[in-house]
Amino acid sequence: MSTGSVEVVYRGIFQKTLAKNICRGIVFAARKEGKIGTAFGRYGDSPERNGIPAKQFAVVSDTEEELEEHLAKYEPVNNDVTIAADDALCKGIESWAWYGLQPINKLLGDGGTLLVTSIQSPNKLIKTIHRKGTPYNLAIVKAQASFSGLWAYKDDHTDVRLLGALAKVAPHIVSLDAMLEAIRDQWNDDLKVAAAKRAYEATESTPVGVDQGNDEVPFSFDLPGWTKMEEGLVIRGMDAKPQDVPGRDGGYVPTRNEVFKKFSTRTMRPVINFDTCTKCTLCWLNCPDTCFDITPDGFYDANMEACCGCGVCEAVCPVKDCVTMVNEEAFEDNDSQWEMWTKDKEGYLAWLTKNITERPARSHGYHHVGQYAEEIADGTA
Amino acid sequence: MAPPDTATAAKTIELPGGSGDEREELISGSEAIAHACRLADVDVITAYPIRPYDTVMQYVSQMISNGDFDCEFIVAESEHSQFEIVKHASAVGARVFCGSSGVGWFYAFEALAVTAGLRIPMVAMVGNRALDDPGAFGVEHNDALAVRDLGWMLAWVATAQEALDTALIAYRVAEDPRIFLPCAISCDGAFLTHSQAIVKVPSKEMVDSFLPPYDRGEKQLHPDNPITIAPQVNEDWLMEMRQQNDKAMRRAREVIIEAYDDFEAKFGRGGEPFIERYMMDDAEIVLVGMGTLALPVKVAVRKMRGQGKKVGFLRVRWFRPFPTIELQDALSGVQAVGVIDRDYGFGSPFHSGVLANELRSALYPVENPPKVVSFIAGLGGREVSIDNVVEIAGMTYDAANDSLDDQDTHWIGVRE
Ligand code: SF4
Ligand code: SF4
């Protein structure tokens, strides 16, 4: 008698079909072994918006009664495996469904495995993940985050690679044989079967101890009862008195929500070349989230706690290569770029140049036949 | 503001406890509601034409153009916008009035459904009308009844005088900070909206002594009071919010009683707040209904009383909050109750009308409850004749004597 559950955290819209394919793949594979299962999305995450973290789950049991017992609660809380389909999600996730930043490993059970698609090293990734009170494992499927649209699914085998890796890290949920059989049934494609097998063989787990990772304590919040809540669904505004910019006449520092940061929505962030910036104000004017802080010397510093990564500032900046969107996974913190630049202009330029020139492309599916084989050959797949 | 000049000769009436003049005018139920808006000094009124509610618009716009009334009068492009506009105006602190009829009320439903949750004390008039298609202008109560479970207070009035008085009471109750819930006053299409009667129209001073200004306090949406109203809440907050609505509706009962007491003191009329009892004292059977049905029923009751039949009539004035206590008090000890619904409840328990089933539920805990027989009559504005009422009373007696199945619903005045 046993039940296994898998949580898939993904980017709303961009990875909805991917998450669905993974969850359905798990249930189909478990069925091959005579188990029964279900796959479902966490309703509270809807409506899915561009890049907003969302969740789907797959639960498989030996018997129908066992499955029902597991499903008779809102969502599985002690998952055997949590899959993050974009490694930027490891920094924590915010959604419509809860308050504050939720650690990516929050719903992972003791000794479970966090399975991530990433081209980063485990050690680098662990640093971005909130500490968990119990040990767990980190397994990486070497791949860039696979993004597509709501209606178009660009098949880069990320689904079957994660499924193959899952069979490796959680054989008690589903065996490799059953998984490969299910993949063959579902897709009728030898290449997909081979991709799953390859991911199974390549996936290694790294144990993560209780003292490893980001030691920031995530925001917690007590929900008030009806006697405490203000009637009429009234929510008081924050004390939003704009502060003067220190050392500068004019401009202001906007008040920002301490709790709702939005940055987990981001898959890319702007990096700014203050040496070429003409202080034209366009980024500051156009940023939909009022992210730009005016600096004492009149520059515009994108606040990385607030930025949702929409790319508008890059689009409106009139100076060539002054604002460049770079993959979020390249960064470990949300520190001020302007402060970095002010302290060490040369060092900043080197950092900026490296980020801009070495930024990996985001995969939106294969562009040409044979790309997968090429990626295997160059070690990126 | 001075009362408007009208063609009707006005006369001053001495009133017990009255603090000013009242003038008698010959006006319809709709015009009475328009006067209530003027007297309550409503700030924002929105309109979109639909019969029979549109008559209120006509009177309001006439008052404005005559210089008797000053308010923002916005003709919206649909009922949906109409109700949305006043909802928002109320949130910023304006006293508002709105209304509609039949499918117009339904077209506004998205706005109606959230008004109570946002604790907007909107007062609305429903000119009750059948839900067409097929086209029908006449009265049915299913339009207003559709909001019965959503936090709206609902009153049904029988006369133009009651329409005016109830509208003033509605503002006082709805805007009471203990309540902050919307209130709809149902006026039967044609029978009330288009029938003129002598109505005592109070002076502005009298109304001012009864109705304090609308003060939304800390809930007022204003740049100096930065708040968000109704953000996305999901399952984490919604149940607590509904619980608050429930508590507010429970409190409404006492606030309504207070308002009627004060109205009685200031205007010398008002009556029992929730129900009207007519020849109930020794009644063996009682007929129950709402709105202008009272007229033929009272005439029929008097006629039957003349023949020695102990028949009474109970008119439900407030449907939400439902007068459970008053109905239990008035109807326990009665042999049988005949409920005349000017609405339908297809597929409901016993296929009965809405009022009949609510009443059955209210009487459930009563010891030896009366039999409750459901009658559907007067749909689409069809006449409920005195003969119909006599027939209904006869069948209610039959139920009392066990010769008629009280768990069936009887359609009266329908061709076979
Ligand atoms: S990407 Fe640029 S425009 Fe968009 S939220 Fe971030 S700072 Fe603002
Ligand atoms: S848009 Fe570009 S040039 Fe203009 S202020 Fe922003 S970063 Fe500087």
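The table below lists the values:
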item	result
Exposure proxy order (Cβ contacts within 10 Å, fewest to most) of B:V139, A:V326, B:V316	A:V326, B:V316, B:V139
Cα gyration tensor category, rounded, prolate or oblate, for the range A:192-345 with a/c compared to 1.5	oblate
Neighbour-limited loop hits for trypsin sites (Lys or Arg not before Pro), the range A:163-246 (at most 12 other Cβ within 10 Å; DSSP other than H, G, I, E, B)	A:K228
Sum of -39500 (n - 2.57) over DSSP H runs of 4+, divided by residues of chain A (222 nm, nearest 500)	-8000 deg cm²/dmol
Cα centroid of the range A:53-82 to Cα centroid of the range B:378-416, whole Å	57 Å
Order of A:I119, A:I13 - criterion: other Cβ atoms within 10 Å of each residue's Cβ, fewest first	A:I119, A:I13
Longest segment of chain A lacking chymotrypsin sites (Phe, Trp or Tyr not before Pro) that sit in a DSSP loop with at most 13 other Cβ atoms within 10 Å	A:261-381
Loop-located trypsin sites (Lys or Arg not before Pro) in the range B:329-416, at most 16 other Cβ atoms within 10 Å (DSSP)	B:R415
3J(HN,Hα) from dihedral phi, the range B:82-97, Karplus parametrisation 6.51/-1.76/1.60, rounded to Hz, x for glycine, proline	3, 6, 5, 4, 5, 4, 6, 4, 5, 5, 8, x, 8, 6, 10, 9
Beta bridges by DSSP in chain B, antiparallel share as percent, to the nearest 5	30 percent
Cα-based shape type of the range A:2-159, given that a ≥ b ≥ c are square roots of the gyration tensor eigenvalues and the cut on a/c is 1.5	rounded
For the range A:304-342 versus the range B:213-282, the gap between their alpha-carbon centres in whole angstrom	52 Å
Residue order, fewest to most beta carbons within 10 Å, for B:E84, B:E77, A:E328, A:E201	B:E77, A:E201, B:E84, A:E328
Charge tally in the Cβ shell below 11 Å around B:K298, where Lys, Arg are +1 and Asp, Glu are -1, B:K298 excluded	+3
Tensor-based shape of the range A:88-137 (alpha-carbon gyration tensor, a/c under 1.5 rounded, otherwise prolate or oblate)	oblate
Total charge dipole magnitude, the range B:320-373, about the Cα centre, Cβ charges on Lys, Arg, Asp, Glu only, Debye to nearest 20	120 debye
Extreme residue, positive dipole direction of chain B, given options B:Q196, B:V297, B:A136 (C-beta unit charges)	B:V297
Cα long-axis angle, helix B:29-39 against chain B (0 to 90 degrees, to the nearest 10)	30 degrees
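Here, each number is a calculation from the coordinates, and none is a lab measurement. The model shown is predicted, which means the values in this text are computed figures rather than measured ones. Here Cβ is always computed from backbone atoms with ideal geometry, including for glycine, and neighbour counts include all displayed protein chains.
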